[in-house]
Each structure stands twice: as structure tokens, then as C-alpha cells.
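Asks: Sharing a structure below in C-alpha cells format, with a few things to ask.
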Amino acid sequence: MLMTDLIAKKRDGGELSTEEIRFVINDYVHGKIADYQMSAMCMAILFRGMTDRETLDLTMAMVHSGDVVDLSSIKGVKADKHSTGGVGDKTSLILCPMVAACGLRVAKMSGRGLGHTGGTLDKLESFTGYNISIGEKRFIDNVNRIGLSLIGQTADIVPADKKLYALRDVTGTVPSIPLIASSIMSKKLASGADIIVLDVKCGNGAFMKNEKQAWELARSLTRIGKLAGKKCAAVITDMNQPLGRAVGNALEVKEAISVLQGETKGDLLELCLTLGGCMLIGADITEEMEDAQKMLQEAIDSGAALDKLAQLVSAQDGDAQAVYDTSRLPLAPVQLEVPSKISGYLSHIECEKVGLISMHLGGGRATKEDKIDLSVGLVLNKKVGDHVESGESLGTIHAQTMESAQEAAQLLRDCCTFSNAPVEPPKLIKDIIV
Ligand code: URA
């Protein structure tokens, strides 16, 4: 087989066979296909697309480029969740303990934040001592014992994606549905869960800027999951403003705890109940979304979900007391209110830019090697649709210095647009694809 022939075949709109796709991935991972040829292939895929069969073959070839985590020694139904990345997205911190409290098993490998989006591992490290590398044995033992464990990637999972994603990033070939879908699903399938629920974000703070793109990606992700024999659902959710109110690692942990304590409701709780509902239905614990959400709400009301979070933190060497006393979490030395200079209805928030404010305060990474400050970020006081009086606070900046806080305050004002007429708040859950 010659890579030049395969590139030409895809360029001309042909369909690659299973063997051809395996050849491309295998030889690329083993350094037998050069980056320039793989770039041309990615560009041909971007323009020509792939059939469902080709996308599944690509995904499976990527899965088998590395280790597949064996969760068979965990008793019970294993559920996993993936978000395509958003601002203020702390759902895993709420959802995982909540569904574990309802009897599901969560053996989850999470990632770190990059750019304007945050990562669950960084957030968990806000608990002093939390260990993300407890090794595979403790990972499995913890899930069997307390129902959940959240760690960083251990095994050599999907090396093909690491190499391909780095290439796509510098060759303008990230925004291709089959390439994104195979990248996401290869990692999820290699992580071994029985149920995969996907949160596909859509809007100005997300990868997918419009609903049509988000719907196509959601459909492709769920197809791959099902064809691979998994229970799979995707929820398309609004990302035209941060999820909840906090953006920044320890601040998001505090907000997640407040949801688990039953004190914070709103969009964040709604999303966790919806994603959790899809998981419980996938596990056949219940058939109806309403019943599933009642069970999840009961896990909050009884304190079981909050206790699960404390068990998780404790089982991974972290300061579990901080779950019940959030003053033990990192706190930035400067807190600055941001009074609005305008009166009106908040009509638009530049969501991605809000994520970047937190990053520039030190809360996010520009490159994978950057060290981050867990204490900084911001907490919004207003969401789209809210009325704001001039002088009223738009939010609070948490920073290391007054100078950086003042800079961030102006940036936050610049992210907000107002209207004189009332504005309908955006609908959070746009669609559920099962
Ligand atoms: N997230 C991934 O893991 N892969 C992509 O290609 C895009 C987003």
C-alpha cells in the first residue's frame, strides 16, 4: 500500500477501506509515514469527510495504537463522561460523586486545562495533597470500594491521538467532524467504561460555534459509541456564557461543593441532573429522565453525593475536610468587585474571553508545561438575561495583585454587552441524542 495513493483516493472523494485506515494509523504511529503526508491526508479528510464506517475504523485503529484499560475487575456498571470543553465547566466534580452515590461506578481519567478551558485534574488539585497518579491498582481498588476514582492518564492510551492532534493543531485540520469524533471516542473507548455520556458544548466559548456543527458532532460521537458496543448519549449544551458563575480552579471547586450541598441551583445543577439522568438510564437503573433526576436530587438532599466527594478526595490522599470547610481551599489575596458602568439587560458575554481572563490571572495554561495558580479567577454576579444597574457588581475578580485585578476587571466589563430591552436567557439544554 502506498500513502500517496491513499491520499489521492481520499482527495478525490473515495472511501478508504478498513485495511487502508489501519495501515495509515499504524505506519504513522511507527514513524513510517511522514508528517507532511499525514497532514495532506488530514486535509483531504477535512474537505471530503468520512462515512460512519470509515470514522469507526479510524477510531478503532487509534484505540489499538496503545493500551486499553481493563476495568473488568470492577463490579457493576461503569460510566464515563466527556465534555468537548467549556468555560466554568466543573460538572465532573458534581456529576461523578452524584452518580456514584446512585450506584454507578466511575473510573475516570481526566485531563488538565489548556487555553481558555479548564481541566478536572487541576480543579481536584485544589484539595491539598490530592494525588492524580495513584497507579492502576489503587485506581481499581478505590472504584470497587467507594464507587469512584478520578486520575490522570496512566496507561499509554491512544498514542496515535497524541501525535495526530499535535499535527492537526499546526496544519489547520482540527475542525473536521470525523477527526474530532475519532480523537474523542478513541480515548473514551480505550478508557473502558460501559456507558459514555458526552456533553457537546455549543456557542462562542466552545469549539463548535453553532448548533448545526454541534449536532453533527454529537451524532457522529454517539454513532461511534454505539457501533463500538457501548451505551452512548450526547447532550448539546449552550456555551455562550460560562457554566455556573465561577471560573478558576479553587473557585469552581467551591461552586461545585455548593451545588452538592444543595445551596446552588441554576444551569450547573440542571446540566448535572441531565447528564446524570442519561447515565442512570443508560445503566437501566430507571427508564424515565424524571425518575433519574429525582434519584440524583435525592443524592444531593441526603448529603450522600457530598460525602462521596469527600470519600474520593480522602481516598486519593487529599484534604477531605475542605469538602465541608471550603476556607481550607486556596484563596487569592486580592478580591475586587467589578461595578458595571452601564444599566441594562445583560445580552451577551464573550465567553471564551472570560476564560482567557482567568488564564491571564494565572489560572490557566498557554502551554502544557505552564504552572498554574489554583486560587485566581472570577465569579460572575450576573448572567445573560439579568438586569444590571450602573454601579451594581458584574462579578468579583480573585487575583494575586491589585494591578492584575484591575486589568481583569476592565476586561470583564469589555466582555459584557447590554440591551435596553429585556433579553431571554439562553436555553441550556439544546438537544439530547441517544
Ligand atoms: N478534543 C479532542 O480530544 N480531540 C479533538 O480533536 C478536539 C477536541
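The values are calculated or read from the model by the stated rules, or taken from the named source; none is laboratory data. Here the structure is a predicted model, which is why all the values come from computation and not from measurement. Neighbour counts are summed over all protein chains in view; Cβ atoms, including those assigned to glycine, are modelled from backbone coordinates with ideal geometry. The accessibility values were calculated without ligands, DNA or RNA, using every heavy atom of the protein model including side chains. Shrake-Rupley method; radii C 1.70, N 1.55, O 1.52, S 1.80 Å.
Asks: Decide, for region 293-352, between rounded, prolate and oblate: order the square roots of the alpha carbon gyration tensor eigenvalues as a ≥ b ≥ c, take rounded if a/c falls under 1.5, and otherwise choose prolate if a/b is larger than b/c, else oblate.
Replies: Oblate shape, in that a/c is at least 1.5 and b/c is the bigger or equal ratio.
Asks: Another question, then. Charges on Cβ only, +1 for Lys and Arg, -1 for Asp and Glu, centred on the Cα centroid of region 1-142; of C96, V68, M41, which one is farthest towards the dipole's positive end?
Replies: Selected residue: C96.
Asks: What translational diffusion coefficient, in µm²/s and rounded to a whole number, does the Stokes-Einstein relation yield for region 107-164 at 10 °C and a viscosity of 1.306 mPa s, taking the hydrodynamic radius as the Kirkwood radius over Cα pairs?
Replies: In µm²/s, the coefficient is 127.
Asks: Right, here's the next one. For the chain, what is the mean residue ellipticity at 222 nm derived from helices alone (per DSSP H run of n ≥ 4: -39500 (n - 2.57); sum divided by total residues; nearest 500 deg cm²/dmol)?
Replies: Computed mean residue ellipticity for the chain: -14000 deg cm²/dmol.
Asks: Using a basic spin-label model with each label point 7 Å from the Cα along Cα→Cβ, how many nm lie between K294 and Y324?
Replies: Between K294 and Y324, the simple spin-label model gives 3.1 nm.
Asks: Which whole-number percent gives the relative contact order of region 1-77, counting Cα pairs below 8 Å spaced six or more residues apart?
Replies: Worked out over region 1-77, it gives 38 percent.
Asks: Given points 7 Å out from each Cα along the Cα-Cβ axis, report the R53 to Q400 separation in nanometres with one decimal.
Replies: Calculated label separation equals 5.6 nm.
Asks: Which of A408, G395, P425 sits closest to the plus end of the dipole of region 381-434, meaning its Cα is farthest towards the positive end, when Lys and Arg get +1 and Asp and Glu get -1 on the C-beta?
Replies: P425
Asks: Can you list which of the GluC sites (Glu not before Pro) found in region 285-385 are DSSP loop residues with at most 14 other C-beta atoms within 10 Å?
Replies: E287, E288, E369
Asks: Quick one: what does P(r) look like for region 57-99 with 5 Å bins over all Cα pairs, in whole %?
Replies: Computed distribution, short to long bins: 5, 14, 17, 17, 22, 17, 9, 0.
Asks: Provide Rg and Dmax in Å for the chain, with only Cα atoms included in the calculation.
Replies: Cα radius of gyration and Dmax of the chain are 21.8, 68 Å respectively.
Asks: Using a 1.4 Å probe, how large is the accessible area of D386, given in Å² and rounded to the nearest 10?
Replies: About 50 Å², rounded to the nearest 10.
Asks: Once phi is turned into ³J(HN,Hα) by the Karplus curve 6.51 cos²θ - 1.76 cosθ + 1.60 with θ = phi - 60°, what whole-Hz value does each residue of region 82-96 show in order, with x for glycine and proline?
Replies: Once θ is set to phi - 60°, the couplings for region 82-96 become 9, 10, 6, x, x, 9, x, 8, 10, 4, 4, 5, 9, 4, 4 Hz.
Asks: Using the Karplus curve 6.51 cos²θ - 1.76 cosθ + 1.60 with θ = phi - 60°, work out ³J(HN,Hα) for each residue of region 418-427 in order, rounded to whole Hz, and write x for Gly and Pro.
Replies: Values per residue, Gly and Pro as x: 10, 10, 6, 8, x, 10, 6, x, x, 6 Hz.
Asks: Is region 348-393 best put as rounded, prolate or oblate by its Cα gyration tensor, with a ≥ b ≥ c the root eigenvalues, rounded for a/c under 1.5, and otherwise prolate when a/b is larger than b/c, oblate when not?
Replies: Prolate, since a/c reaches 1.5 and a/b exceeds b/c.
Asks: Here's a follow-up. Can you give me the distance in nm between label points at Q335 and K383, each placed 7 Å from the Cα along the Cα-to-Cβ direction?
Replies: Rounded to a tenth, the inter-label distance reads 2.1 nm.
Asks: Check which residues have an amide H placed less than 5 Å from D431's amide H, if you skip close sequence neighbours.
Replies: I236
Asks: Just to make sure I understand: if all protein chains stay in place, what is the order of K230, K90, K294, K383 by accessible area at 1.4 Å, largest first?
Replies: If we order K230, K90, K294, K383 from most to least accessible, we get K294, K230, K383, K90.
Asks: If you don't mind, there's one more thing I want to ask. How would you classify region 274-429 from its alpha-carbon gyration tensor, with a ≥ b ≥ c the square roots of the eigenvalues: rounded for a/c under 1.5, else prolate if a/b is greater than b/c, otherwise oblate?
Replies: The shape class here is oblate.
Asks: Sticking with this structure for a sec: Short version: ³J(HN,Hα) in whole Hz for each residue of region 387-392, in order, from phi by Karplus 6.51 cos²θ - 1.76 cosθ + 1.60 (θ = phi - 60°), x for Gly and Pro, what are they?
Replies: Values, residue by residue: 8, 10, 8, 4, x, 6 Hz.
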